[in-house]
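Encoded as structure tokens, the structure appears first; notes follow it.
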Amino acid sequence: MRNCLCFWLSMVWLCLPVAGQTPPESIDFEQHIRPLLAEHCYECHSEQSKPLQGGLRLDSPDWIMAGGDSGPSLLSSKPDESLILQAIRYKDPSTAMPPSGKLPDEVVGKFEAWVRSGASMPKSEQTAKIQKSVDIEAGRTHWSFLPTQLLRSEFFDLGEIIAESSFVANRTDTVILSKLKELGISPAPSADRRTLLRRLKMDLLGLLPTVQEVEDFESDLQPDAYQRRVDEFLASPEYGERWGRYWLDLVRYCDTMEEWAETIGPTYPYRDWVIDALNRDVPYDQFILLQLAADQIPGTPSVDRAALGFLGMSPSYWKELQLPVEIIKSIVSDEVEERVHTISSTFLGLNLACARCHDHKYDPLTNLDYYAMAGVLSNTKASDVALAEGVDAEQVVQARKSVKSLDAELQKVAKSDKQEDMAKAQELRDKIQQAKSVVGYDSLLTPGVKDARLEVRPADGGAHGSKIVFESELKDAAIEIRGNPNKLGASVPRRFISVLAKPQTASEAWNGGSGRMGLAHALTSESKDLVARVMVNRVWKHHFGRGLVDTPSDFGRQGELPTHPALLDDLSYRFIEQGWSLKWLHREILLSAAYQRQNQLPSESDPELRYLSAYPRRTMDVEAWRDSILQVTDRLDGKFGGPSQDLNSESNTKRTIYGHVRRREINDLLRLFDFPDPLTHSPTRVSTITPLQQLYVLNSRFVIQGAESLVMRLEREGITEPQARIRAMIRWLFQRDPTQREFAKMMDFVKESPQDWQLLAQSLLASNEFYFWN
């Protein structure tokens, strides 16, 4: 029996029916590779080449894969032997490309990363959508750019299906049932109350219900019993902790930024602000405004400046000032591109960064649109902000730097007994005391932004290298020819994206400063329908495991079409009408019959459960898994907010959202269990199954300590009889009583090895039933 249980524990993680692959490096073909091919290769290797050199075309995925006279361009099994890499590495003069000279090392590095990560490219049918030129008026007819609409009356006449009241709880169900009727699929019945409460609490709070909560819900026969639980959980402070983490994925949150970052304050106030804003149900349009321009909104409390961390903690890249101006300008331009990508992807579900070098190949986004937004961000500088009223953050930063410098000087002379050194030491102490007298010297600062324009100039005095200066005079961004900041074209006035902009919307909000205020208002007014659709889809995705649109950050022509467009429109329209209330949106989704269905195996007509004939199987993410282990072992520290804590520390029992995240060195627990890359916008986590996850469950100190704590809880509560112990553990973890078969198996095990209650506890913590929560 002991060996059987050990085998169960060793295999349980690999038996999880979750497919996936390790996410590739963040190299996008359209954004990073095609522009390079166009600039360096298309002259000789495209449809327009006369003649076509080497029989090789590089202007479409199919032709790239086919290769030319020398053979296939790419070898997936041996990426380093791919002909395209051999050519650009310039090792063999007879095959070296391009003929004009070797590409810069960073360009070669992008090709290498792309090939090694699988050389992913758009499908042929997507490539066929490439537009020769951008037609703005035609672009406005794309489904996601149209105004949202309420449901038409036809969705409320479903005959016999609607007669089954268990299938229709609110108007959300009418669209879903209409589609199921069209496909000839019968909806699954409602889930039992235990399953439903587990689903609801894990979904909203990231925690398991207690046995008492389940029993109370099962015995509550009032018609509003479920709705009251929805409202109770939405009012809980744990709601913001659960859903705040989803937002932090999108905005590449981290606690430790680059060591060369310009700001000195910690980032956790931004994380705490997001959690608090969600708990207060701050309207989503205001949520956006504060994150882009809290410092420019009159009357905004100082504490809301923490919202500027959205931009203030943007990734920055090392600028070695010994390098020439041309290289430093390229690095700065890449930083601006990252911010354009994050803003457009997060709020609009579009990647405007793809238009840096040329008009977007698929969506109605122009090269001019990119530089119009880039102008806003190139006039925005990372800068610490103070969260206390009346505190000048810049003065505090300068005072702290002065104290640090003076203190270092003081350490050199403090130990000397020479008269002049003693006098010098006293002088330094006085200066330190004076510097510390600045108002708010000890107040909390956090990364934010201010309006300032970065310029890269040659080093002073004709010296080799570069220098960076910040100017208060703001300017529009100039077009970088083919994305090269050293080849500039005309300047582009700061404005909104053409296809989404309303006529005659120019205002001082764009020209009175960096333009952040103008951008924020445009997002929540001129593009409100798209912004609402994108956010509604993100919330739906986290409730059902996938969105109504399966590409949550691509609502353009390359993205997936919505499975239920009328439902997405209706929810988005009413989301705006309800004051952009996220809690209203949650209630509308959670009170639907579709959300309350049983989990069942998919049917042939709905193999991926995209049409919601049943509720899909769901697994815990790493935060919920760790938090639930702490919860059932009675160790979870519910204290809200504050500085991050090391997830490797055995004394850290706070929720995982408060665990320390390093941007360039992710904690092993997070890395192993599919935590997103904090260097980039992450709309979806890629589920994986790896042997390292199995080994972690078997051998990690955290899981072993969890098993030890579960046994200690039994002892602390005076539960000593074996059957009572088994029943208690099953109820704590699964909120049900054990079956007779489970009783028999576990009793046999502990009789054979009485000392192995800990191994039994670890097996239960590693079980599928614990990991699958619905």
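The values are calculated or read from the model by the stated rules, or taken from the named source; none is laboratory data. Everything numeric in this text was worked out from a predicted model, so none of it was measured. All Cβ positions, glycine included, derive from the backbone under ideal geometry; neighbour counts span all protein chains shown. Accessible surface is based on the protein model in full, side chains and every heavy atom, while ligands, DNA and RNA are left aside. Shrake-Rupley method; radii C 1.70, N 1.55, O 1.52, S 1.80 Å.
Using a 1.4 Å probe on the protein chains only, how many percent of the accessible area of the chain belongs to carbon and sulfur? Please list the in-between numbers first.
On the way: 17440 of 34370 Å².
On the chain, the fraction of accessible area on carbon and sulfur atoms equals 51 percent.
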How long is the gain from Lys487 to Tyr441 if the chain were fully straight, where each residue apart is worth 0.36 nm and the alpha carbon distance is subtracted?
-> 12.1 nm
For Lys431, list the aspartates and glutamates whose Cα falls under 19 Å from its own Cα; do not include residues on the same chain fewer than 8 positions away.
-> Glu394, Asp407, Glu409, Glu420, Asp421, Asp442
Contour minus end-to-end for His464 and Glu326, with contour as 0.36 nm per residue of separation and end-to-end as the Cα-Cα distance?
-> 48.4 nm
Just in segment 413-465: which trypsin sites (Lys or Arg not before Pro) are loop by DSSP and have at most 11 other Cβ atoms within 10 Å?
-> Lys415, Lys418
Among the listed pairs Lys102/Lys487; Lys179/Lys541; Lys502/Lys541; Lys50/Lys102; Lys502/Lys583; Lys201/Lys745, give every one whose C-alpha distance is greater than 21 Å.
-> Lys502/Lys541; Lys50/Lys102; Lys502/Lys583; Lys201/Lys745
Inter-label distance for Lys50 and Ser302, nm, one decimal - labels placed 7 Å from Cα along Cα-to-Cβ = 7.0 nm
Given labels modelled 7 Å from the Cα in the Cβ direction, how far is it in nm from Gln395 to Lys639?
-> 3.3 nm
Quick one: dipole size for the chain, taken about the Cα centre, charges +1 on Lys/Arg Cβ and -1 on Asp/Glu Cβ, in debye to the nearest 20.
-> 460 debye
Could you sort 268-276, 561-569, 39-47 so that the peptide with the highest average Cβ count within 10 Å comes first and the rest follow in order?
-> 268-276, 561-569, 39-47
Which net charge results for the neighbourhood of Arg713, defined as the other residues with beta-carbon distances under 13 angstrom from its beta-carbon, given Lys and Arg at +1 and Asp and Glu at -1?
-> 0
Descending accessible area (1.4 Å probe), largest on the left, turns Ser402, Ser70, Ser613 into Ser70, Ser402, Ser613
At 1.4 Å probe size, with no ligands or nucleic acids counted, give the accessible surface of Met65 in Å², nearest ten.
-> 100 Å²
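Run the numbers on the chain and let me know its relative contact order in percent, using alpha-carbon pairs under 8 Å that are six or more apart.
Details: 1233 pairs, mean separation 145.0, N = 774.
Averaging sequence separation for qualifying contacts and normalising by length gives 19 percent for the chain.
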Pulled fully out, how much extra length does the chain show between Met747 and Gln411, if you take 0.36 nm times their separation in residues and subtract their Cα-Cα distance?
-> 114.3 nm
The answer for segment 408-486, accessible area per residue at 1.4 Å probe in Å², is 62 Å²
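Got the relative contact order for segment 610-722 handy, in percent, Cα pairs under 8 Å and 6 or more residues apart?
24 percent
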Label assignment, mean projected area of the Cα convex hull in nm² derived from the structure, set (i) 42.4; (ii) 35.1; (iii) 31.4 | (i)
